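A quick write-up on the structure given underneath.
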Amino acid sequence: MKMRVYSILVSCLVAISAHATERIFVPVPTEGQQVRYANGAAYLATQTSSAALQIAYVPNDSKSALLFVGVTNLSQASFNFTETSITASSNGTPLPVMSYRDRIAELKRQERWSSIGAAFAMAANNMNANNAGHESSYGTYSGTATASAYGPAGTVRATANSTGTYYGSNYNATAAEMAKENANAQNQALAQQQQANIDYAHKSLEDRALKANTIDPSQSLAGDVKFSLPKRDKSKPAEFSAVVDLAGQPVTVLFREQQ
């Protein structure tokens with residue numbers, strides 16, 4: 001099962017390399033801890049008498065990040081490992097760590113906003129389609145007319161100038177029908193993509209998020225937790241500590257921001 005944790009860790013670090021964001025923290029090892037690399041990204045490895053730990057920082061955005069955690073039970077007794085087994089702090093100030101339930105709720109809020117945006121886009125498509133059949137034309141005109149008449153006084157000529165504007169409209173049923181068919185196709189594709197994004201986001205979170213589990217002897221557990229980052233410090237690199245409870249034995253790991 002150690003290889004299973006390692007393979008998940010490598011996949012996680014591949015994602016880090018491909019989608020690195022602006023705030024990067026690196027592990028600072030203490031006694032008994034070792035910094036290792038997978039796909040060019042660093043993770044920290046250590047162990048107690050009960051369990052082996054692999055932990056890596058995964059960037060998310062300027063205010064939050066993920067900690068990927070892999071735990072292998074080295075003891076002869078089972079123990080429980082949950083999101084609450086991990087805490088974080090910076091300069092003595094706790095950093096909120098989200099539970100799996102919190103992350104599901106956050107994902108649903110994001111989906112609601114995304115759905116609102118998609119609904120506006122669909123409405124715009126329909127409005128454009130409804131207006132597509134109405135065609136209009138407008139412009140200006142000018143002209144000069146000259147007339148002449150012959151009488152006892154001879155030939156009399158008169159000239160008149162005229163200018164103005166014109167506007168006209170008509171309805172093109174064929175264009176309107178084609179526009180509506182195009183709008184329906186666009187809206188259907190948008191709805192399918194929206195649902196695909198929702199399904200992918202849920203599956204991705206389900207597959208990788210750390211959830212409460214009992215780890216039996218020689219078995220492993222891997223997943224990530226989301227937490228809030230400390231504020232930037234202009235005078236020195238920001239740091240945070242994560243404490244991981246391994247079967248009642250706390251392990252503290254330090255991460256420092258790269259500037």
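The values are calculated or read from the model by the stated rules, or taken from the named source; none is laboratory data. Values in this document were obtained by computation on a predicted structure and should not be read as measured data. Reconstructed Cβ throughout: ideal geometry from the backbone, glycine too, with neighbour counts over all protein chains shown. Areas reflect the complete protein model, heavy atoms only, side chains present, ligands, DNA and RNA absent. Shrake-Rupley method; radii C 1.70, N 1.55, O 1.52, S 1.80 Å.
Laid out as a table, the results:
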{"read-out": "Within region 49-73, tally of residues that are out of contact with any Gly (no Cβ under 9 Å at 6 or more places or on another chain) and more than 17 Å from D224 (Cβ to Cβ)", "value": "4"}
{"read-out": "Residue within region 98-119 that is open to solvent by less than 70 Å² (accessible area, probe 1.4 Å), closer than 16 Å to V244 by Cα, of a type outside the set (F, W, Y) and out of contact with any Ser or Thr (no Cβ under 6 Å at 6 or more places or on another chain) present", "value": "yes"}
{"read-out": "Candidate set: region 61-76, residues that are in contact with a Ser or Thr (Cβ under 8 Å, 6 or more places away or on another chain) and at pLDDT 90 or above; chosen: the one surrounded by the fewest Cβ atoms within 10 Å (Cβ to Cβ)", "value": "K63"}
{"read-out": "Meets criteria (surrounded by 15 or more Cβ atoms within 10 Å (Cβ to Cβ), of a type in the set (S, T, Y) and either assigned to a strand (DSSP E or B) or touching a residue at least 12 places away in the same chain (Cβ under 8 Å) (or both)) for S241", "value": "yes"}
{"read-out": "Residues located in region 177-196, provided they are loosely packed, with under 14 Cβ neighbours inside 10 Å and either in contact with a Ser or Thr (Cβ under 6 Å, 6 or more places away or on another chain) or farther than 23 Å from N130 by Cα (or both)", "value": "Q193, Q195, A196"}
